[in-house]
Structures are given as C-alpha cells and as structure tokens.
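Bear in mind that the values in this text are calculations on the coordinates, not laboratory data. Everything quoted here is computed from the prediction, not taken from an experiment. Here the Cβ positions follow ideal geometry from the backbone for every residue, glycine too, while neighbour counts run over all protein chains shown.
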Amino acid sequence: MTDSWIFGYGSLVWRPAFAFVERRPATIHGWHRRFWQGSTDHRGVPGAPGRVVTLTPAEGGVTVGAAFRPEPSQRAAILAALDHREKGGYERLRLPLRDLDGAVFGEGLVYTATPENPSWLGAAPLPDIAAQIRRSRGPSGPNDEYLLRLAEALRGMGADDPHVFALEALFMEQSGADD
C-alpha cells in the first residue's frame, strides 16, 4: 500500500482531517452515492440515527469524489483514525480510481457500508430522507450540515449528483415551509 490513495465520497470530500501530500478529483465507476447508511455515532444518536452516504453497486454508475494520497510517514495512524471514524458499519474496499476524463490513475481504499451492517437504513422516499436529515443531530453536529457541505463541495468540483442535489432541494423546501 505504499502508493495507494484514499477515496472520499462523503464527509472526507469536505473534511478529510488527515495529512495528505496530494488531493485530486477522482471517480469510481460502477457505484452510486446514496444516503442509505444510518449514523448513531456522528450525525445522529442511538434511537434517532442520522443519514450519511454510502456507495451502492450500480451498472453504469459513476461517483465523483476526492482522492487523497496520505502522508507516507503517517499512513498507519491515518488508517487507524479512518477505521475508527468509519466504524459505524463501513468496510474497506480497493477500487480503481479514474480522473475526471475517465483514465485510471491508481487504486483507492474506499469505505462502504452494506445492507448487512446493523446501521443500514436503506432506500426510502426522498422527502422522508430529507426530513430525517433535517431533524437529526449527533456528536459531530447536525445532519443537515453533512448534506449541505457535501452538496457544496460536489458543486465546487463540478460534479453532478442527482441524489444529493435532490435531497438538498427537498431539505431547503422543507426548511422554507417552516418560516
């Protein structure tokens, strides 16, 4: 793993919280980003989970995120910290990383949750997901911060993510209804 990357597609895109020598936009193919994972340790609490993203297999899917090359002298500590950060149902995968033009430039470590993990929430109507995000809060802050910062970061990268942007629009619509 001397020259591997870490691929972020959720909070790592806007808050990596580790030292890296290089960051670049990247894509993984065959996956979609979805707010289908429960969070009782960061963006929600036990009994009232927030929702965070995971990857789901999708033929023809492309997920835009950020690839980080960790500081080599800190690699073991970075992975230990990420394993702790992603402990709520995520497991490691290694996937080919592509630049925004589609050319493979390396292999990346990716944390993804599966339906078999105890925090899995799965699909739900988008208005229900947006409402759950709106009311959830955990030790890392409000769940809406996660959604809004992710949407902002993806726009800044020129990414198009219909799922994230639809949830953001529903969230804003629901928030406006309370004014």
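Brief remarks follow.
- Pairwise centroid distance, computed over Cα atoms, of segment 88-157 with segment 1-52, Å: 5 Å
- Nitroxide proxy distance, nm - points 7 Å out along Cα→Cβ at Glu152 and Ala76: 3.7 nm
- Residue-count net charge about Asp41 - beta-carbon cut-off 12 Å; Lys, Arg +1, Asp, Glu -1: +2
- With K and R counted +1 and D and E -1, the other residues having a Cβ less than 14 Å from that of Gly61 yield a net charge of 0.
- For Pro127, neighbours were defined as the other residues whose beta-carbon sits under 11 Å from its Cβ, and their charges (Lys and Arg +1, Asp and Glu -1) total -1.
- Under a 5 Å amide H cut-off, with hydrogens placed 1.01 Å from N, Gly138 pairs with Gly44, Asn143 among residues at least 5 apart or on other chains.
- CD proxy at 222 nm, helix term only [per DSSP H run n ≥ 4: -39500 (n - 2.57); per residue of the chain; nearest 500]: -9500 deg cm²/dmol
- Simple spin-label estimate for Glu107 and His84 in nanometres, 7 Å along Cα-Cβ: 2.8 nm
- Potential lengthening between Ala131 and Val45 on full extension [0.36 nm per residue; Cα-Cα distance subtracted]: 29.4 nm
- Global form of segment 1-91, assessed from the alpha-carbon gyration tensor, a/c cut-off 1.5: oblate
- Rotationally averaged projected area of segment 80-179 (alpha carbon convex hull; nm²): 8.2 nm²
- Among Leu154, Leu109, Leu93, the largest mean-square fluctuation in a Gaussian network model of the chain, built with springs joining Cα atoms closer than 10 Å, belongs to Leu93.
- Fluctuation leader among Gly50, Gly106, Gly38 - the chain, Gaussian network, Cα springs under 10 angstrom: Gly106
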